[in-house]
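S.K.: Sharing a structure with you now.
The values are calculated or read from the model by the stated rules, or taken from the named source; none is laboratory data. Just so it is clear, the model here is predicted, and its values are computed rather than measured. Methodologically, a virtual Cβ is constructed for each residue, glycine included, from the backbone with ideal geometry; neighbour enumeration extends over all protein chains shown.
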Amino acid sequence: MAIPAVASRPPLWRNIRVLRVVAQVVVVALVVLGLRQLFQNLVSGLEATGISTTFDFLDSPAGFRVADSDFNPRSSSTALFAQGVKNTLLVAIVGILLASVIGLLVGIARLSSNWLLAKLATAFVETLRNIPPLVVIIFFFAAMFRDALPAVREARRVGAPAGDETAFYFSNSSFAIPSFVREDAFSTWLLLVGILFVCSIALWIWRSRVEVATGKPARRVAVTTAVLGGGSLLGLLVLDPLSWSWPRLEGNTIGGGFRFTTAYAALTLALALYTASHIAEIIRGSIQAVHKGQFEAAEALALSGFQRYRFVILPQALRIAVPPTINQYLNLTKNTSLAVAIGYPDLTNLTKSLIGNGKPAPQSILILMAIYLSFSLVISLLVNLFNRRLRLVGR
Amino acid sequence: MLTTRWRLLAAILALTLFGAAACGDDDDGGDAADDEETEETDDTVEFEAAQDSSALGTIRDRGNLVCGVNNVLPGFGIVDENGEYSGFDIDFCKAVAVAIFGDVEAVEFVDLTAEQRFTALQSGEIDILVRNTTWTATRDGAESVLFGPTTFYDGQGFMVSEESGISDVSGLEGARICVLSGTTTELNLTSYLDSEGIGFEPVVFEDNTELQPAYESGQCEAWTSDKSQLAAFKTSIEEADGGTQVILEPTISKEPLGPGVLDGEGDLAQIMDWAVFATIQAEEFGISSDNVEGFSSEDPEVLRFLGQEEGFDAGLDLEPDFAAQIVAAVGNYGEIYARNIEPIGLTDRGLNALWTEGGLLYAPPYR
């Protein structure tokens with residue numbers, strides 16, 4: 001067979017392959033030009049008014065104290081950003097944990113056959129989901145904590161009525177709960193716990209092997225918990241490495257114990273509940289997306305309710321639920337910036353204070369954005385690692 | 001969809017348009033190229049002045065003065081339910097507007113929090129900042145504010161409620177102290193109490209509308225701010241049956257409050273300076289809004305001040321009778337003080353009296 005002649009190449013200006021490349025180059029050039037123009041605009045404006053355009057301010061002292069922390073006002077601005085990161089992470093991590101747990105439970109509760117439970121869960125979700133997070137935060141802070149609780153001088157006490165020492169203090173500026181103080185034997189006890197932990201890992205592996213080999217339940221969770229938990233408890237009793245520290249009211253302040261401010265409590269609680277309402281909806285949707293046949297098959301196998309969810313439904317549902325949940329975690333982390341409304345010294349609030357006290361604004365905001373970006377990237381990365389374990393092989 | 005030819009045409013068109021815009025005739029865009037050769041601020045200002053794109057020129061073209069003010073501080077800058085602004089700083093704003101336009105209504109107020117005020121001035125959102133702002137070195141330098149004469153000499157203090165039982169500064173040990181963010185108050189609080197070795201917890205708010213309920217409900221034991229602010233709020237809290245408030249003795253810092261414009265706006269700054277001086281000088285001469293109309297005097301200083309000396313022009317770019325207009329519109333310094341500051345409880349003028357009466361208010365001679 002004769003090979004047909006190769007069609008002649010179209011001229012360069014009509015050659016689609018060339019044009020595609022040219023078009024992309026043109027777009028990139030336009031974007032770069034645009035950004036360069038904006039940047040030069042900013043720099044010339046700043047220089048014309050004598051404002052710094054460098055990042056040298058990072059070494060200058062911040063000059064103000066941060067509530068509830070040991071931050072030294074003479075530390076650099078970089079240290080202030082670090083303090084802000086720490087404060088934000090305190091809210092974000094606790095909030096994410098709480099939101100996940102509450103969201104999971106409420107999501108499952110909404111599908112319960114118990115009418116009251118289902119309706120309560122629905123009420124919870126529908127109320128919190130439809131209110132802006134700022135309003136929820138201000139409600140907790142102002143209505144629930146500031147106005148309903150007394151001032152520190154007359155703080156409410158709950159617990160052992162032994163003179164001034166109490167178990168829990170509730171006031172409108174801070175809460176105090178008893179905490180532990182380390183004694184000398186603490187490091188010994190820690191060593192003991194470490195050894196027990198290694199042993200329990202060995203136990204876990206052994207019992208799993210036994211279960212796989214014999215097919216009979218080897219109770220690896222029970223055995224491991226008994227060894228680790230029991231051993232630690234025994235160590236506590238024998239070595240006495242910790243002692244209680246009770247909060248005590250001294251005039252206008254509370255000494256001892258572990259204190260946290262109502263601002264922190266309000267922010268964390270409000271964000272946790274708000275995000276939980278969203279996560280509950282995600283969980284509910286993902287459970288409903290699991291084929292009905294799976295539920296029926298699990299029932300046919302005589303699995304209890306808990307077993308049904310734990311072994312059949314949730315593994316399939318979570319696969320669907322994880323990506324939108326990552327989104328909710330990121331939202332929670334970014335919503336911590338609403339702390340400016342209640343005076344909690346999170347990263348955004350501290351950056352605004354820095355700017356208000358003379359540090360240049362464009363550079364500070366740039367650093368702020370970069371930090372939030374890295375938060376988001378790290379959270380996505382971590383949860384996506386978890387996601388990989390859930391993925392269906394072959395997809 | 002577009003054929004290849006049309007796509008190419010579109011790309012070329014977009015490139016041309018953007019190129020025209022990017023290398024275009026916008027002032028800052030042009031200066032971006034110029035600034036690479038000239039580093040000096042002065043050159044840029046002269047370049048702009050020649051085109052009259054300075055703040056004063058912009059103000060004159062616009063027809064009104066944009067003032068950055070406080071809207072929640074009784075006595076200095078506050079809005080009533082009809083949207084009318086009143087206060088010490090508001091009156092000085094109006095004085096500058098009268099100096100420029102001769103019209104006390106030619107002014108627009110922009111509400112600002114303490115954190116926003118300097119970026120608002122730097123970005124050109126406002127022309128002049130008259131918002132109980134303390135004159136400090138950092139604000140003069142890094143924050144590029146050009147301050148006018150100090151209109152109110154103040155100092156920082158602490159306010160506590162009587163039932164807290166705190167009677168002096170040492171009682172603040174371990175206390176929670178409410179303070180506004182982005183103020184000299186925040187910095188002074190830290191350095192003063194640290195130097196006294198008194199530990200405390202700062203509770204930081206953006207503005208007084210959030211701070212006041214926190215203080216009243218007891219979330220913080222003490223409130224620190226300029227003593228004039230504390231006096232204003234003491235009066236309003238006690239009037240609303242909030243319990244007796246005590247302002248502690250020590251004044252822990254110097255807080256010279258005054259108006260400011262952006263660095264480099266020399267023409268506007270001059271007008272701001274002489275508008276303020278006019279009110280002080282008027283009180284010194286005994287001219288008030290009641291008697292300015294038919295004020296007669298043999299003293300050539302007074303005549304010159306009121307614009308009645310033939311042929312005198314100080315070269316300030318102001319009307320000859322600008323001082324008379326200002327006094328007619330807002331009164332002299334004493335009247336402004338009496339109208340705004342006395343109602344909040346500061347009847348003793350202290351440092352804010354004329355130099356002839358032992359205070360610090362001293363206007364340079366108008367000649």
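S.K.: Is it the case, given these coordinates, that B:Leu121 is of a type in the set (A, V, I, L, M) and part of a helix (DSSP H, G or I)? Full working, then the answer.
M.R.: Working: of a type in the set (A, V, I, L, M): yes; part of a helix (DSSP H, G or I): yes.
Considered against the rule, which asks whether it is of a type in the set (A, V, I, L, M) and part of a helix (DSSP H, G or I), B:Leu121 comes out as yes.
S.K.: Among the residues that make up the stretch B:241-249, is at least one of them surrounded by fewer than 21 Cβ atoms within 10 Å (Cβ to Cβ) and without any contact (Cβ under 8 Å) to a residue 24 or more places away in the chain?
M.R.: Yes.
S.K.: Next question. When you scan the stretch A:319-338, do you find a residue that is within 14 Å of another protein chain (Cβ to nearest Cβ), under 25 Å from A:Tyr264 (Cα atoms) and either within 18 Å of the chain's Cα centre (by Cα) or touching a residue at least 40 places away in the same chain (Cβ under 8 Å) (or both), even just one?
M.R.: Filtering the stretch A:319-338 down to residues within 14 Å of another protein chain (Cβ to nearest Cβ) leaves A:337-338.
Of the ones still in play, those that are also under 25 Å from A:Tyr264 (Cα atoms) are A:337-338.
This time we only want the ones that are either within 18 Å of the chain's Cα centre (by Cα) or touching a residue at least 40 places away in the same chain (Cβ under 8 Å) (or both), so: A:337-338.
The answer is yes, given that some residue of the stretch A:319-338 is within 14 Å of another protein chain (Cβ to nearest Cβ), under 25 Å from A:Tyr264 (Cα atoms) and either within 18 Å of the chain's Cα centre (by Cα) or touching a residue at least 40 places away in the same chain (Cβ under 8 Å) (or both).
S.K.: Can you name the residue in the stretch A:43-82 that is facing chain B (nearest Cβ under 9 Å) and assigned to a helix (DSSP H, G or I) and, of all such residues, is nearest to the chain's Cα centre (by Cα)?
M.R.: A:Phe57
S.K.: Is at least one residue of the stretch B:103-112 among the aliphatic types (A, V, I, L, M), within 12 Å of chain A (Cβ to nearest Cβ) and part of a loop (DSSP other than H, G, I, E, B)?
M.R.: Yes, that holds for at least one residue.
S.K.: Give the residues of the stretch B:113-129 that are closer than 20 Å to B:Pro149 by Cα and either β-branched (Val, Ile, Thr) or more than 8 Å from every other protein chain (Cβ to nearest Cβ) (or both), sorted by residue number.
M.R.: Listed by number, the residues that qualify are B:Arg117, B:Leu121, B:Ile126, B:Asp127, B:Ile128, B:Leu129.
S.K.: Given the conditions (1) crowded, with 20+ Cβ neighbours inside 10 Å; (2) farther than 26 Å from B:Asp263 by Cβ, and given that B:Glu105 satisfies all but one, which numbered condition is not satisfied?
M.R.: All conditions pass for B:Glu105, except number (1).
For every residue, the table says whether it meets (1) part of a helix (DSSP H, G or I); (2) facing chain B (nearest Cβ under 9 Å); (3) more than 25 Å from A:Leu134 (Cα to Cα).
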| residue | (1), (2), (3) |
| --- | --- |
| A:Val340 | yes, yes, no |
| A:Thr348 | yes, no, no |
| A:Ser364 | yes, no, no |
| A:Tyr372 | yes, no, no |
| A:Leu382 | yes, no, yes |
| A:Phe386 | yes, no, yes |
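S.K.: So, one more: Name the residues in the stretch B:173-186 that are more than 9 Å from chain A (Cβ to nearest Cβ) and assigned to a helix (DSSP H, G or I), would you?
M.R.: Once the filter is applied, which keeps residues that are more than 9 Å from chain A (Cβ to nearest Cβ) and assigned to a helix (DSSP H, G or I), the stretch B:173-186 yields only B:Thr185.
S.K.: Can you tell which of B:Ala338, B:Ala324 is in contact (Cβ under 8 Å) with a residue 24 or more places away in the chain, assigned to a helix (DSSP H, G or I) and of a type in the set (A, V, I, L, M, F, W, C)?
M.R.: Among B:Ala338, B:Ala324, only B:Ala324 is in contact (Cβ under 8 Å) with a residue 24 or more places away in the chain, assigned to a helix (DSSP H, G or I) and of a type in the set (A, V, I, L, M, F, W, C).
S.K.: Kindly evaluate A:Ser304 against the criterion of being modelled with pLDDT of 95 or more and away from chain B (no Cβ under 14 Å). Break it down stepwise before answering.
M.R.: Working: modelled with pLDDT of 95 or more: no; away from chain B (no Cβ under 14 Å): yes.
No; evaluated as a whole, the condition is false for this residue.
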